[in-house]
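Here, each number is a calculation from the coordinates, and none is a lab measurement. No experiment lies behind these values; they were computed from the predicted model shown. For neighbour counting, all protein chains shown are included, and Cβ atoms are generated from backbone atoms with ideal geometry for every residue, glycine included.
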Amino acid sequence: MHQFSFKKRMEFQAVIMAAGTGSRMREITSGIPKCLLPVGNIPLIMGSLNILKRAGFSEAIVLVRENEKIKIQNAIENKTDLKLDIVAIPKNEDWGTADSLRFIKDKIKTHVIILSCDLVSDFNLQNMINTHRSQGSSLTVLLVPFPKSLREADMPGYKKKCKFERDIIGLDPNGKLIFINSEADFEENVPLKMNVLVENPHIKVHSNLMDAHVYIVKQDLVSFVVNNEHISALKGEFLPAAVKKQFSTRKQNNKNESCDVTLGATLNQDWIDLKKLSFEFSSSKLAASYLKPIVDNEFVCFSYIDKECFCSRINTLVAYADINKKISKNLPILAGEQVKSHLYQKSQVDAESAVGENCELLLKSSLKQSAIGAYCKLNERTKLTNCIVMDNVTFGKECTIQGSIICSNVTIEDGCSLKNCIVGPDQTIQASSKLNSEILQGSDQLMQI
C-alpha cells in the first residue's frame, strides 16, 4: 500500500486552482475568498482536498491570490493531513488558470492533475487515473451530468431565474474528445473540419454533460501551456486547443485546402450520429488527400464520464444555495467523514441543518434546512428556513428568515422578516425591516432587483 501511494505520488502532481475571485458570486465573496465559502460550516476547498485524499495523494500545490494566502493558510492547514504547498500569485495580475499554471512551471516535475477549488463530488479519482493510463491519454477530462436541481432553483436576491451556459461536447464511441466548447462559443451550428469527419465518422454531440474542471494532463502538454503564452484560460482556451491538436495533419498536396463542415441545429439535441453525414461529405479521393495525424495518434484526448457520482461546481449563487440544501447528504463529502449532529434542548434543529461551533440558540428558535456558521446567536422565537448563515451573525427576537444568504458579522435586529435576500458582510438590518428579493451590501447600499 505504501509502495503504491509513493509510486502514484511520483507519477502525478496535484494542483488546486484557488486564485479565482468568484466573479459570478461577488454578492457573497466581497469579504471572503471563494475557496473558503462555508458549505455547512466547512470551507469549500475541502471538497477538492478530500477528492485527492480519497485517491491516496499525500500532497498538493494550491494556487491562491497573494492578498488571500494567509487567510486561506490559517483556515485549511489544520483541517487536512495533506502536505500543502500554498503558492501565491501576484495580487495585481488578472491571470487565468493557464497563466497560473505557467507561473509554477518550475514546480511541475511530472504529469499533473488539476482541480478547481469549487468542486463538491464523491467521484473516484483513482478510477479516472486508471482510465487515463489504459487509454494512453495525453489529456483526460471529467464529465458529469449537469445537475438537474440547478435548473429548477431560484437565485437568492433576484426575482428572475438564473441562466446556465451549457458545454457542447463531441465524443466518439470510445470517449475520445472531438471538440469541447461552451455554448457561447457557437451560434446555431457546430463547425468541424472535413478531415475530422473522415477520421471520426461516428460522433455524438452532447449538451447535457458538464465539464467538472478536473483534468489529468501529461507533462508534455503542460509544456505546451508554458510555451504558448497567449493561452490564458484552461477551460476556454487550452482545452479546445489541445483537442484540436489531435487533428493536426500533413497534406500530400499543398494545393488541397481544408474544408469546413457545419452541423446544423445540433445545440438543442443531446447527441447526433454523424455516420451518414460523414459519408455524404467524404470520398475515397478526399480521404486519400489526408495523411495520418502528425503525432500518429500518440497524442489523444479522452473524456472520463461518471453518470453515477454526485458532482457539483459551486461557481454561481444558485449552485452555492443548492449545495447547502440537504446538508446531511453533502456535508460528509466535504468533511471526509460523518458529521456529528448537535442537540439543542430549547430549540428545534432538523436533520437537514448544520450548526457551527459556539453557537447559541435560545428558547423556541428553530432551524429548518439551514446551515449556520460559528459564533452565531438566534434569540427567542427566531426561525430560519432554507438559509445559509456565515460566522458571527446575531439574530434578534422573533425574526423570520427564509431562502436567504447572510454573510459574516451581520446583526439582524428584532422582528425582521427576510425572504430570498442576500446580506453582505458587516451589515446591520434595523428592527422590524421587511425585505423581499433584495441585496444589501456595502455602506447603506440596498439593491432591489
Open item on the list: Regarding region 1-156, what's the average projected area of the Cα-atom convex hull, expressed in nm²?
Closed with: 10.6
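Multiply the residue gap between Ser417 and Lys325 by 0.36 nm, knock off their C-alpha separation, and tell me the result in nm, one decimal place.
31.1 nm
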Task: Efficiency of FRET from Cβ geometry, Asn127 and His230, R₀ 30 Å, rounded to 0.05 - done: 0.30
TODO: Extending each Cα 7 Å along its Cβ direction at Ser134 and Arg54, get the distance between those two points in nm, one decimal.
DONE: 1.9
